Amino acid sequence: MERIRKALEQAGRDRAQNLGQGTTELRPASPAATPHDISTGVRYTYTKVVEVPDRVLTENRLIAALPNHELRDAYRILRTRVLQTMRENHWSSVAVTGPATGCGKTLTAINLAISLAMEVTHTVLLVDLDLRKPSVHTYFDYQPEYGLSDYLLRDVPIQQILFTPTIERLVVLPGREVIENSSEMLRSPKMVALVNELKHRYPDRLVVFDLPPILAADDALSFAPYTDAMLLVAEAGGTSRDDLQRALEVLKAAPVIGTVLNKAHTPRGGYGYMKHAAATRA
């Protein structure tokens with residue numbers, strides 16, 4: 001009993017010390033949370049909570065998180081079409097990529113994850129798998145102490161890497177430093193085991209992977225066997241028909257469920273970030 005008492009006292013001191021470090025708050029899981037609610041702890045005791053002001057959401061075009069934004073419904077349509085396909089096939093994961101850099105695939109992945117998290121029947125885990133250029137965390141104006149690279153290279157526990165950007169039912173697994181041998185790392189036994197864990201640990205979890213561009217490296221092709229579905233993002237006025245066809249040819253054996261037309265101008269003008277998803281492969 002004495003040993004248990006001392007252990008509890010030490011845990012309390014460690015908790016107090018952690019809460020006093022840095023600007024990132026560590027919050028306990030809510031007692032009212034469901035057992036599988038990854039937005040409140042991923043069944044771990046604590047997860048980092050990063051406060052994201054509306055100003056940051058607006059500046060970084062995280063439209064899905066802005067209740068009154070005129071283009072928010074575009075992401076709802078995208079979410080609904082993706083969700084219908086995933087439910088019909090009993091899938092739990094989708095990877096987002098594009099033919100080349102600059103198409104907006106990371107922004108699309110983040111907004112899709114936010115929109116999916118708005119559904120109260122499940123939780124969402126957004127994973128930055130662009131190991132050569134990890135940037136998901138920057139959209140939330142957050143610089144992580146640890147990233148996916150720290151797990152892969154230094155065995156830092158995943159629960160120390162995850163953060164929630166004050167969006168209910170959404171948790172992010174960020175990257176941090178660049179990994180040069182990214183395609184080899186994406187299909188390494190350690191990564192494959194992690195992906196299986198992320199996809200299957202909780203029955204109500206959906207996983208969104210942000211992958212590098214298809215024509216820039218072989219990362220997306222290497223990872224394709226480990227995701228249930230893939231979504232291809234094309235830039236209006238930026239992605240050529242040839243690049244789109246080449247990307248689809250590279251992914252011809254992958255489960256591509258549709259395309260998203262990014263940066264398309266609406267009839268009203270506006271921001272020009274209107275999204276469109278095809279229900280079937282383009």
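The values are calculated or read from the model by the stated rules, or taken from the named source; none is laboratory data. Since the model is a prediction, treat every value here as computed from it, not as a measurement. Heads up, the Cβs are rebuilt from the backbone with ideal geometry, glycines too, and the neighbour counts pull from every protein chain shown.
Structure summary
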{"item": "Leading residue by the ranking (modelled with the lowest pLDDT) among those in segment 239-282 that are assigned to a loop (DSSP other than H, G, I, E, B) and out of contact with any strand residue (DSSP E or B) (no Cβ under 7 Å at 6 or more places or on another chain)", "result": "Arg268"}
{"item": "Pairs, first more than 16 Å from Arg246 (Cβ to Cβ) in segment 98-114, second crowded, with 24+ Cβ neighbours inside 10 Å and aromatic (Phe, Trp, Tyr), C-beta under 6 Å, six or more apart", "result": "Asn111/Tyr75"}
{"item": "Residue list for segment 91-106, filter: touching a helix residue (DSSP H, G or I) at 6+ places or on another chain (Cβ under 7 Å) and crowded, with 23+ Cβ neighbours inside 10 Å", "result": "Val94, Ala95, Val96, Thr97, Gly98, Pro99, Thr106"}
{"item": "Unique match (being over 11 Å from the mean Cα position of the chain (by Cα), of a type in the set (D, E, K, R) and either crowded, with 19+ Cβ neighbours inside 10 Å or not in a helix (DSSP H, G or I) (or both)) among Glu88, Glu119", "result": "Glu119"}
{"item": "Boolean, Tyr146 is modelled with pLDDT of 95 or more, under 18 Å from the mean Cα position of the chain (by Cα) and farther than 29 Å from Gly238 by Cβ", "result": "yes"}
{"item": "Selection from segment 167-177 of residues that are surrounded by 17 or more Cβ atoms within 10 Å (Cβ to Cβ) and part of a loop (DSSP other than H, G, I, E, B)", "result": "Ile167, Arg169, Pro174, Gly175, Arg176"}
{"item": "Long-range neighbours under 6 Å by Cβ, at least six apart or interchain, first residue over 17 Å from Ala224 (Cβ atoms) within segment 238-261, second assigned to a helix (DSSP H, G or I)", "result": "Val260/Thr108"}
{"item": "The lone exception for Leu152 - which of (1) among the aliphatic types (A, V, I, L, M); (2) farther than 26 Å from Arg246 by Cβ; (3) touching a strand residue (DSSP E or B) at 6+ places or on another chain (Cβ under 9 Å) it fails", "result": "(3)"}
{"item": "Subset of segment 53-85 [surrounded by 14 or more Cβ atoms within 10 Å (Cβ to Cβ), without any contact (Cβ under 8 Å) to a residue 24 or more places away in the chain and either basic (Lys, Arg) or touching a Phe, Trp or Tyr at 6+ places or on another chain (Cβ under 7 Å) (or both)]", "result": "Arg72"}
{"item": "Within segment 178-202, considering residues that are assigned to a loop (DSSP other than H, G, I, E, B) and modelled with pLDDT of 90 or more, the one surrounded by the fewest Cβ atoms within 10 Å (Cβ to Cβ)", "result": "Asn181"}
